[in-house]
Each structure stands twice: as structure tokens, then as C-alpha cells.
Amino acid sequence: MFIGEEASVSDWGMIVSFLLGFSFQWVAKKLEKWNAALYGRLFAALIGAVWAWCGFVQGGLLQSVSMLGAFWLSYEVIPLPKRNRVPTYDIIAELQAKGAKEIVVPREKKRALLDIGFSALFIGIAIPYFWIGSPSPVVELFLLYGFLSMAAGLFKRMALFRSLHLFYDQNDHALYLISSVEAKRYPLDQCVDIQVHTAPDILQLFHLFHLFSPHADYTVNMGKTWKLSFDGERVYLNPGSLASMNILPKPLSSQREIHIQPFYHPSNWKRLLGKAYFSAAVKGVGAYAALLALLAYWKIDSITMIAAILFFWTINLFISDRVLKIALDMKPVTNPPIQHIIRTICARAGLPHLAVYTTESSDYNGFAAGPYIGRSLIALTSETLKLPHDALAGVIAHEAVHVKKRDVLTAQLLQFAFIMVISSIIAGVYEAAAHWLETHRAATFLIGWTLIVLLYPAFRSWLVQWMEVRADHLGATLLDGGNDQMANALAILSKNQDQAIEQAHSYHIDAKEKDDEEEDAFAEDGSFTFEREDWFSRFSKFQLSPHPPMYWRIHSLRTTETGWSTQKLRLWWRDCWRESLPDFVKEWLHI
């Protein structure tokens, strides 16, 4: 069978795919010690191709795609639970020898049961699909990926719950959080803000309720919780006594406690429902799987089932702004100078009523959401609001163009149309040449993989990149500084995000220090420098990523006039292919 319509993905095939991927991930980690990780990745790619062929021979193209997808996700995306490179007891012994004071951390089973309960809830939503629903390799792949990701996160939380130790070293004025899964050191003189909560906010801390990087959650009881804000990370912990936290750089007596209601309190019902819907229908596919299972239980025909899924997808699209506002705890931007920037840019864009919100995150990011102008919004992370105002104006202008051009809706519709066209082509080819395809398995395999696995990701990348480049250049027309201001805004945003990631990594005790020259992203004159990347990185970003490489975006702004034209579109399309080639090929072709 060409697309595996009658043969579903066997359980053992998916299980073996995930186990194979995890095995190669473990081997790759071991090879890093001998600087042989590249060879491990090349060998994994070869095995993945062979495994995809085995899946195709066994059950058709969809099974091949699903088995390779499972292999790739378990190898590249889902991290294996890991232990500290330095044994926990060695770190604790060293801290005790230095005279560090251990802060008692009382544990309550209720805190662990809440994480287990929420995880079980979102897994349980999708479980009926495996019993009732019509087998679909793609749906099963996404569900199993979600299950494994959730299991990995839950394993880490339970290991942390059982093994967490908290120390304070007076000599270097640092807080140490030691567990069997990670060991971190937080210099308290780098703490930029402190909040005291009456209890952990489960609706904020549970990992499925985030769109950006999750918070560092070290809460192990339901008591008073401290939120410590460092560059690159937000830390939540709840030691047993107030006196034990007098080590903090700001007097807790001056900190106003923020009252946190339980997640089941009536005042939290709207948040709970919004975050649950976001986790099941936006961040995951559990809601779609539950709908498919329900329709299969009612014995609904295929046409009606497809119509119901499309209707549900349409509803999700048109309520996306409201769901995101609730799920991400968005709040309107209230800073007067930033409000002035927002009003100025939105007026220039012809969007006087566009709402701009902020959401708590240590990431530097922003996005536009909503199906059309009247129901759209811009969301900026709390860290993004700390950027210099000229750079922040560039971020807002970029997102305002996405709203003005209805890019969110357009991208969704064009991707859906592309999928329908490809599906029709595959069905037509199979109907016209079924016998030839059955007898030429290798050609069928290559054709199918080209259409489904290669062409769709490339189309999605080109489509979104075109919108991003257009937003850069049209956004520059909304700024006083034009292209130069937009280029500097992208540079500062990227630089701050890279530094935040490096800073968060530096809190790990076993983190390797990098050379200062490599970390310094600024040239001596203070200008931001971006180096052109290696060939494979350029190829993957131009052909598969939703954003062109940052070096190219900044270069295109700094070397062209302010404004947008088809000439700039042609420039991006030319460089999309030219920069994807190795340099020696370009020299040989004289391009």
C-alpha cells in the first residue's frame, strides 16, 4: 500500500522506534567525551533512513513517516532523564566541609500528587483514542510524543521532590539547590527581584501551562513560596521557616505577601479552564484525539468526522486570542513610556485599537495572535519590556505588521490548502498508477517522502520566512530610525536572549565555562556582530526554520533602503538558495 490506508502502525513498531532513538541519544552523550558526537549523529541518520525503509515495507508510507518521527523525537527532542555529572553526595560533602548551612525543606505529598494528577488528567484525555478511535499513525505519533515528554518531565519532578537539598554558603553568598537530577548555584548578589507568595501557584508552575521556557520549580510543599528572579531564570522554592530565608539580599520584612488561592478556588476557575484547554487543544493534540475517539464511538462516517475536526480547528483559531490571554496570564502593558511607544507605532500602522499585553517569562520574545485585526493582540514577555526603548519599538513594529497583514490566519489557511493539494496529488497518483507503485517500492518510497516529509516542511518554512522578512522591512517603516533601528533591535534582542541562555546555563554547577571572547557578542566599538554560520546551519535555517538566520536578517536591513518591494522578496528567495550551498560549490558555480 502506498499510504498505508489499511495497515495501522503496530504497537511494537512505535515502541521500538522510541527505544531505538533513546538508545542512540544515550550513545551520543557518551561519545561527547571523545569529541565523536558528529560521527554518532551521522550513524544515527543512516540508521533512521534504514528504519524508515523498514516501516515503509511493513505498512506503507504513513507508517514509515511515523516510525522515523518516533525515532527522531526520542533521539533529538525528548531528553533522557540524567543524573549530575558530579555525584550528589560529593557536592553535599564539599558544601558541608566549606561550612555551608543546610536549610530544611519540608516535603508534602500533596505537592507531588498535584503534579501526578495534572499529568494523569492530560494523558487520560487521549487514552480513549487508542481503544476506540480509528488508527492513525500521525495522531498516534503525536500522542506518544506527548506521553513521553510528560513522563520525562514528571520523572524529573519526582526525583527532585525526593532528593532536593538546599544550602546557603556565607563565604560566596550563594544559594545551592542540590538534587539527583541537577545541581545549581545561584549567587544572591545577582538576585534582581524577590516576591513572597502564600503558597505555590500550581497554575503557573505546572510545565504544560507554559508557552515559553518553564520556571525553575523547586517547590516541594504547599507552604509559603519565594520567587527569586535572576537573569535568565525565575526560581520558586519554599523552605520551612521565614528565618531561614533572612539570607536574601532584600529584607523580607519589607516584602508584601502575594496571596495565592488554590487552583480549585472559584476565583481560579477561569484560569484553570483556559490553561487546561490551552494544554489539550493548542500545545498538544489530546483534545483532537478525544474528539476522534468520541466520533468513532458514535460510528460517525469519515466525511462527517473530517468536517467535525475542521470545525473544531476553526473554533480554536477564532478563540486563540482569548485562550492565550488566560493561559499565559497576560496583563496589559501599563508602563507610561512604553504605552507611548505602543500608541505611536500602532497609529502609524493604522491599528489604533491594537492591544499589547505582557506575560511573565525569562525569555526575550514576542508574538502576534488572533485570527483577524479586530481580534488580534501582541504579547511581549516581561524580559522583552526591559529592552532599550528603541529596540522595544522595533519588536512592537515587527509584530504590528503581522497583525496588519493577518499573517496568523493567512499562514494557517495556506498550510491547510497545501496539505489538501498534496493529499489530492498522492491520492490521484496512487489511483492512476497503483500497480506501478506497488511493484516499484523504492521509487514509491522516494516520491512519498519527497512530497510529505520534505516538501511540506520546506513550504511551511518558506511561507513563514517570507512573512518574517516582510515584517522586518515593513516594520522598519513604522520606526523613526528606519532599517537601521530595526536591524539594531533584532541584534539587541538576539544578544540579550543568547546572554540569558548562557546565564541560565552558568547556574549549573557542572556547566563548562566558555572563553570570554567567544561569549562577547559585541565588538570593541560597541556594535553588535553576527558571524555567518557554517553551511549546514545556513541550510537548515533557510530551508526548514520559520526564521531566516539572524545574520542575514540584519544584513538585509542594513544594506537596503527602508521599505518593502518585490525586489526584496526576490533578494530573500535568491539568498535562500545561494546561502544554502556550501562555499566550495558556490565558487565552482561562480555565484
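The values are calculated or read from the model by the stated rules, or taken from the named source; none is laboratory data. Computed from a predicted model, the values in this text were never measured in an experiment. Here the Cβ positions follow ideal geometry from the backbone for every residue, glycine too, while neighbour counts run over all protein chains shown. The area values use the complete protein model at the heavy-atom level, side chains included, leaving out ligands, DNA and RNA. Shrake-Rupley method; radii C 1.70, N 1.55, O 1.52, S 1.80 Å.
Here are a few things to note about the model shown:
- Options 407, 329: the member that is charged (D, E, K, R) and within 19 Å of residue 275 (Cα to Cα): 329
- Region 521-543, subset under 25 Å from the mean Cα position of the chain (by Cα) and acidic (Asp, Glu), residue modelled with the lowest pLDDT: 531
- Residue in region 511-520 that is at pLDDT 55 or above and outside any helix (DSSP H, G or I) present: no
- Residues in region 193-227 that are within 10 Å of residue 257 (Cα to Cα), surrounded by fewer than 18 Cβ atoms within 10 Å (Cβ to Cβ) and not β-branched (Val, Ile, Thr): 195 alone.
- Any hit, region 35-54, residues being modelled with pLDDT of 65 or more and touching a strand residue (DSSP E or B) at 6+ places or on another chain (Cβ under 9 Å): no
- Residue count for region 534-550, restricted to those that are in a helix (DSSP H, G or I) and open to solvent by 30 Å² or more (accessible area, probe 1.4 Å): 8.
- Every residue from region 381-410 that is in contact with a helix residue (DSSP H, G or I) (Cβ under 8 Å, 6 or more places away or on another chain), of a type in the set (S, T, N, Q) and surrounded by fewer than 21 Cβ atoms within 10 Å (Cβ to Cβ): 410
- Residue in region 210-222 that is within 27 Å of the chain's Cα centre (by Cα), among the acidic types (Asp, Glu) and at pLDDT 90 or above present: yes
- For region 321-337, a residue qualifies if it is β-branched (Val, Ile, Thr), open to solvent by less than 40 Å² (accessible area, probe 1.4 Å) and outside any helix (DSSP H, G or I), and exactly one does: 333.
- Test: residue 318 is over 17 Å from residue 373 (Cα atoms) and open to solvent by 30 Å² or more (accessible area, probe 1.4 Å): no
- Filtered residue count, region 551-577, keeping only those that are over 18 Å from residue 397 (Cα atoms) and open to solvent by 70 Å² or more (accessible area, probe 1.4 Å): 8
- Qualifying residue in region 347-365 (condition: of a type outside the set (Phe, Trp, Tyr) and part of a helix (DSSP H, G or I)): yes
- Test for residue 287: is it modelled with pLDDT under 85 and under 23 Å from the mean Cα position of the chain (by Cα): yes
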